[in-house]
1. Looking only at the range A:45-72, count every residue that is open to solvent by less than 60 Å² (accessible area, probe 1.4 Å) and within 14 Å of chain B (Cβ to nearest Cβ) and tell me the total.
2. I'd like to verify a number: residues in the range B:38-58 that are part of a loop (DSSP other than H, G, I, E, B), farther than 16 Å from B:F77 by Cβ and open to solvent by 30 Å² or more (accessible area, probe 1.4 Å), how many?
3. Return the residues of the range B:155-173 that are in a helix (DSSP H, G or I), open to solvent by less than 60 Å² (accessible area, probe 1.4 Å) and farther than 13 Å from B:V102 by Cβ; say none if nothing qualifies.
4. Checking the structure you have, find out if any residue of the range B:150-172 is at the interface with chain A (Cβ under 8 Å from one of its Cβ atoms), touching an Asp or Glu at 6+ places or on another chain (Cβ under 9 Å) and more than 30 Å from B:T229 (Cα to Cα).
5. For the range B:185-196, give me each residue that is more than 9 Å from every other protein chain (Cβ to nearest Cβ), modelled with pLDDT under 90 and open to solvent by 10 Å² or more (accessible area, probe 1.4 Å).
6. Within the range A:267-283, is even one residue open to solvent by 50 Å² or more (accessible area, probe 1.4 Å), more than 30 Å from A:L196 (Cβ to Cβ) and among the β-branched types (V, I, T)?
7. Identify the single condition in (1) more than 12 Å from every other protein chain (Cβ to nearest Cβ); (2) assigned to a loop (DSSP other than H, G, I, E, B); (3) open to solvent by less than 10 Å² (accessible area, probe 1.4 Å) that A:N80 does not satisfy, given that it satisfies every other one.
8. Only residues that are among the hydrophobic types (A, V, I, L, M, F, W, C) and under 25 Å from A:D185 (Cα atoms): list them for the range A:90-117, please.
Amino acid sequence: MEISVEVKNLKKWFWTGRSALGKKEAVRAVDDVSFHINKKEVLGLVGESGCGKTTCGKLILRILDPTGGSIYFDGCDITNLNRKEMLKIRKNMMIIYQDPFGSLDPRMTIGSAIAEPMAVHKTTRKSEREDRVITIMKKVGLTTDQKNRYPHEFSGGQRQRIGIARALATNPEFIVADESVSALDVSIQAQIINLLQDLQKELGLTLLFIAHDLSVIKHISDRVAVMYLGKIVEMALKSDLFDNPEHPYTGALLSAIPVPDPGLRKKRKILMGDVPSPINPPSGCRFHPRCPQRMEICDKEIPVLKETSSGHSVACHLY
Amino acid sequence: MMRRFINNKSALFGLVILIILILSALMAGFIAPNSPTPSPPDLHNSLKPGFWSKDGIQGMPLGTDALGRCVLSRIIFGTRVSLSAGLVAVGIAMILGIMLGVIGGYFGGWVDSVIMRFVDIMFAFPALLLAIVIVAVIGHGLDKAMIAIGIVYTPQMARIIRSSVLYIKEMEYIEVQKAIGSSNLRIIFRHVIPNSIAPVIVYGTLMLATAILDCAALGFLGLGAQPPTPEWGAMLARSYSYIVSGAWWAATFPGLAILLSVLSLNLLGDGLRDTLDPRLKT
């Protein structure tokens, strides 16, 4: 299988100033993360809020500049490309944002919002842009007479469709969907996920699907990566991960999925404490203060992500 | 939004007065009973009262000034001068202010620091004093006065637009544009400016009032419009000494015209602000 996107040892530290001792402090939002996404695959990236999922997505698109590590897109290293060189690549990678209200310019009709990427990249001739806008609008389930309306006239679900249409305008290969459904209510979520799934299959898109909702991830992903405090703790094929979680954190996450059958109430693995501060992460395994299965080695050595069975990797001293 | 504006009585009053002023400026040639600058001046009719007195002069309802010119006609033609002077001055302030404010707010860093410190320095001078200094440097005349006032108002504009740019540039749709690959120029012109322009429109209206006032002030000091241009400030300056000798009309009516135009613009500006930004309404 061909690889579309790959990141190696990706790091992003946000400098926050100095501590009382005059030492420079940093929020380690993404700390040494490596993974790849195959072509036409959906990788679900899941984790609690604040674990660095979104930062990870933005780093791949070079909206943020990484502190360390490298990013490959279609086999070429894009980590250090400048603005101009990046522009050629940007038309092949797009993003769909979380907030359908904030990600559209309130003073721009949705027709021109969708045409915007084409205008920037000059992928379609001016005379043909109109037709292309109409084609995409139909594809995402908007009616063409809505072309000249403004974003405030649309509902959340419709706006998210507009966001998807804009992301598709230049026919990209790779799309980052950053919590694209978490701001919508459940019935609309289902519509948008199905739309994304259909489009992904029809257009052969590679998708990095970022979410904190495991049922959403389960529905759409081929493979799933679980993040905790800036690190990937487990990565596996969807079925593998959901049937056979290896990392204790993944186990706890999965047990938190609500089951709609009161008779079938599972024993929940409830984690104690809060997520530690990413400014000062725990030594060794970052999960050890909350881990129900912790051992002596856990606060001393950082576990590396290693493959336990084919395609299933986990970063834990238990394996 | 329209309804909220119409329900605002004082704003509506301001708008009506302003429309009257604009109409009289546009059609000055048709409305004015006499020429504002007759030549040679009719010194025979110097300082004759208007309709309120039985000595009043026929055909000049607001009387005449020291050179026997019709005060009403001069005020009507003066509307043209004052309004256009205000508009040009505010226009200059808007263009310069938007440029400085957007560049500073959008790019931030040392560029912003340099621009804003410069603006702070400008703010340290009283507006009129600074205008006088600029006129002293670039020379007298109505056009120079407009430029001077435009420059003096630039810092205010720059600050207003900078603050809204600072807010707008953090919006997600700006980040989307960066992800798409839009150039900074494209982002600024297509997204940042259209979204941060609303307060500029409001303050522009309010600024127009003070610009007219300052233009009149420069005219009064003899640094603005030069005779025989019928400019309100200049008219006031050339007639106020006759108030003591009983000829109050030549100075009072231009003064009232200034008052009325400034008042109408202020009411309109306040009304616009309330309409466009209901959060400010208490």
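The values are calculated or read from the model by the stated rules, or taken from the named source; none is laboratory data. Here the structure is a predicted model, which means the values were calculated and not measured. So basically every Cβ, Gly included, is an ideal-geometry build from the backbone, and we count neighbours across all protein chains shown. Accessible surface areas use protein heavy atoms only, side chains included; no ligands, DNA or RNA. Shrake-Rupley method; radii C 1.70, N 1.55, O 1.52, S 1.80 Å.
1. Going through the range A:45-72 one residue at a time, the tally reaches 10.
2. Within the range B:38-58, the first condition is being part of a loop (DSSP other than H, G, I, E, B), and the residues that meet it are B:38-42, B:46-58.
Now restrict to residues that are farther than 16 Å from B:F77 by Cβ: B:40, B:42, B:46-58.
Still in the list and also open to solvent by 30 Å² or more (accessible area, probe 1.4 Å): B:40, B:42, B:46-48, B:51-55, B:57-58.
Total satisfying the criteria: 12.
3. Matches in the range B:155-173: B:P155, B:E172, B:Y173.
4. Initially, the range B:150-172 is screened for residues at the interface with chain A (Cβ under 8 Å from one of its Cβ atoms), giving B:171-172.
When the remaining residues are screened for being touching an Asp or Glu at 6+ places or on another chain (Cβ under 9 Å), the result is B:171-172.
Filter once more, keeping what is more than 30 Å from B:T229 (Cα to Cα): B:171-172.
Yes.
5. Step one: of the range B:185-196, the residues more than 9 Å from every other protein chain (Cβ to nearest Cβ) are B:185, B:187-189, B:192-193, B:196.
Those left that are additionally modelled with pLDDT under 90: B:196.
Within the range B:185-196, none qualify.
6. Taking every residue of the range A:267-283 in turn, at least one turns out to be open to solvent by 50 Å² or more (accessible area, probe 1.4 Å), more than 30 Å from A:L196 (Cβ to Cβ) and among the β-branched types (V, I, T).
7. The number of the failed condition is (3).
8. Start the filter on the range A:90-117 by keeping residues that are among the hydrophobic types (A, V, I, L, M, F, W, C), which leaves A:93-96, A:101, A:104, A:108, A:110, A:113-115.
Of everything in the range A:90-117, those that are among the hydrophobic types (A, V, I, L, M, F, W, C) and under 25 Å from A:D185 (Cα atoms) turn out to be A:M94, A:I95, A:I96, A:F101, A:L104, A:I110, A:A113, A:I114.
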